[in-house]
Structure formats: structure tokens, C-alpha cells
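J.: Below are the C-alpha cells for one structure; questions will follow.
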Amino acid sequence: MEHTIRHAPEGGVTYEAFCAAYLCGAQSGPLDEQEAAQDWALRHTVRTGHILFRRVYTDHARATPTAELSQHPNVMGPQGDGR
């Protein structure tokens, strides 16, 4: 059986920032808003002078049998068009 995997909005999205300065290791931890992760990185820069960060965005996805999707035409794909 074929499956399709899509973003599951009810799972939410988390945002994290990691300082990429040599041997720093500081990180924001998972946050619910992108702006909060960016604010953390900017505060870290002011405190330490570190200017390079790795940003991670995590979402949740659900695998659904393709046949089930064709029975529910209102299910939207990532392009908003049912694909």
C-alpha cells in the first residue's frame, strides 16, 4: 500500500538556535515561536560576541495511505492543492 507523508499542523512547529562558535555549545532549546529563537541568538551575541548560529525548524508529519487521501478531497497537501 502506498503512503503519503504531510505536515501535521496539530503537532506544531518548534524552533531552535545553536551557537556555532568553537566549543561554545550554547543553545536556545525548543521554542514555539521563531522570533523567540532569534531573540535568544541575538541576546547570546550581545553577551558573548559569537555571531554564527545553526537554526533548526522541526515539524510533525503524518503518513497516510494514499487511498485514504483520495476519499477525503478536503485534505490539503503541502502546496495547498490536495497533493
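The values are calculated or read from the model by the stated rules, or taken from the named source; none is laboratory data. Small disclaimer: the values here were computed from a predicted structure and weren't measured. No Cβ is skipped: glycine too gets one built from the backbone with ideal geometry, and neighbour counts run over all protein chains shown. SASA here: full protein model, heavy atoms, side chains in, ligands and nucleic acids out. Shrake-Rupley method; radii C 1.70, N 1.55, O 1.52, S 1.80 Å.
J.: Let me confirm something: among ARG6, ARG55, ARG43, which residue is in contact with a helix residue (DSSP H, G or I) (Cβ under 8 Å, 6 or more places away or on another chain) and of a type outside the set (Gly, Ala, Ser)? I'd like the intermediate steps shown before the answer.
T.: Working: ARG6 fails: in contact with a helix residue (DSSP H, G or I) (Cβ under 8 Å, 6 or more places away or on another chain); ARG43 fails: in contact with a helix residue (DSSP H, G or I) (Cβ under 8 Å, 6 or more places away or on another chain).
Selected residue: ARG55, the only one of ARG6, ARG55, ARG43 that is in contact with a helix residue (DSSP H, G or I) (Cβ under 8 Å, 6 or more places away or on another chain) and of a type outside the set (Gly, Ala, Ser).
J.: Look at ARG43 and say whether it is modelled with pLDDT of 95 or more, open to solvent by 60 Å² or more (accessible area, probe 1.4 Å) and of a type in the set (D, E, K, R). Write out each step before concluding.
T.: On the way: modelled with pLDDT of 95 or more: yes; open to solvent by 60 Å² or more (accessible area, probe 1.4 Å): yes; of a type in the set (D, E, K, R): yes.
In short, yes.
J.: Just give me the residues in the range 22-34 being open to solvent by 50 Å² or more (accessible area, probe 1.4 Å), more than 13 Å from the chain's Cα centre (by Cα) and within 28 Å of GLY11 (Cα to Cα), in sequence order. Spell out how you get there, then give the answer.
T.: In the first step, residues of the range 22-34 are kept if they are open to solvent by 50 Å² or more (accessible area, probe 1.4 Å); the result is 22-23, 25, 27, 30, 32-34.
Remaining after also requiring more than 13 Å from the chain's Cα centre (by Cα): 22-23, 25, 27.
Residues satisfying the conditions are GLY25, GLN27.
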